[in-house]
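The values are calculated or read from the model by the stated rules, or taken from the named source; none is laboratory data. Everything numeric in this text was worked out from a predicted model, so none of it was measured. Cβ coordinates were reconstructed from backbone atoms using ideal geometry, including for glycine residues, and neighbour counts include every protein chain displayed.
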Amino acid sequence: MMIDRRFFLGGSLALGASACIPPDQSPLGRLAAELRIIEAVAGGTLGVEIFNTVTGASVGINQDKRFGHASSFKFSLAALLLQRDAAGTIDADRHVTWTEADMLSYAPFTRERIATGATLRELARATQITSDNPAANILLRNLGGPAGLTAFWRSLGDEVSRVDRYEPEMNLVPTGEFRDTTTPAAMARTVAKIVYGDVLPEKERAELKGWMVDTETGLRRVRAGLPEGWAAGDKTGTSGLIGGTEYNYIDIGFAEGPKGEGPLTFACYFRARQTESEMLPRGELALARVGRIIKEFAEPERGLPLVGKIY
């Protein structure tokens, strides 16, 4: 997907004509203005936090606004299993089975394995990479339910993120809903702690990062806007209100430049009212355009002075 600089220039002229350019003309202020242009052109509400795990610098818009997780919570669910396995409180290689009563509409892994079952580790990999819904529910039940995952976030210092329901009900998050939500600012830092901090031992961190890189749905979102040569992985989410026209697109993950840029984490949420035919292309294009901002933010002159690795 080509991200043309003319998109930003044209949007800037449009905002300038209406006297809407923010007064902050610092490097970070200009990046935030470009994010506002993406939001305006896409015609929805864009929430973004891009976080430099080395300097602690960040840039975004609507960073403290609440958005639904959709399937993006499955990244933290997989991390929780790996953490507990490393601590010896659960065996990730324990074999579990399920029945037809557990099946939901999207089940590429669990449908294929319903006769034989799988290990918890296999379920974690499937829920991260394929977003298998029954796999997420089975795993969530084995890890203390929604309260168990919320407690995991609290243990990381994330006092904002929460999960209250199972799939598929947890996707029903209209504007103003508090349940099953997070904010871009909170989730970008939670991703940083999981991927680059000491939440997981090195082996488990590498395993989870590998799963994130293998999550192909992300190739059409933020990663589509990153330059060639960048290493990145993510977890996406998509949800729509039943009988309505409000759709939500999510992409959370990490990005590392070939010249040592970053490492960065990002949490991007786009909510729009649109027709079903516009559903994926419009939302995915908005998130892909954020990938261009990540590259610009990673340039040394955009960030804050180096103060030592935070995570």
Any hit, the stretch 74-83, residues being buried (at least 22 other Cβ atoms within 10 Å of the Cβ) and basic (Lys, Arg): yes
Filter result (out of contact with any helix residue (DSSP H, G or I) (no Cβ under 6 Å at 6 or more places or on another chain), of a type in the set (D, E, K, R) and more than 19 Å from ALA92 (Cα to Cα)) within the stretch 199-224: GLU216, ARG223
Residue among VAL163, VAL199 that is among the β-branched types (Val, Ile, Thr) and over 21 Å from VAL54 (Cα atoms): VAL163
Residue count for the stretch 74-97, restricted to those that are touching a strand residue (DSSP E or B) at 6+ places or on another chain (Cβ under 7 Å), charged (D, E, K, R) and not in a loop (DSSP other than H, G, I, E, B): 1
Filter result for PRO258 (at negative phi, part of a loop (DSSP other than H, G, I, E, B) and modelled with pLDDT of 90 or more): yes
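Each row is one residue, and each column tells you yes or no for (1) out of contact with any Lys or Arg (no Cβ under 8 Å at 6 or more places or on another chain); (2) within 17 Å of ALA57 (Cα to Cα); (3) crowded, with 21+ Cβ neighbours inside 10 Å; (4) among the aromatic types (Phe, Trp, Tyr).
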residue	(1), (2), (3), (4)
ALA188	yes, yes, yes, no
ALA192	yes, yes, yes, no
GLY210	yes, no, no, no
ASP234	no, no, yes, no
GLY253	no, yes, yes, no
ALA267	yes, yes, yes, no
GLN274	no, no, no, no
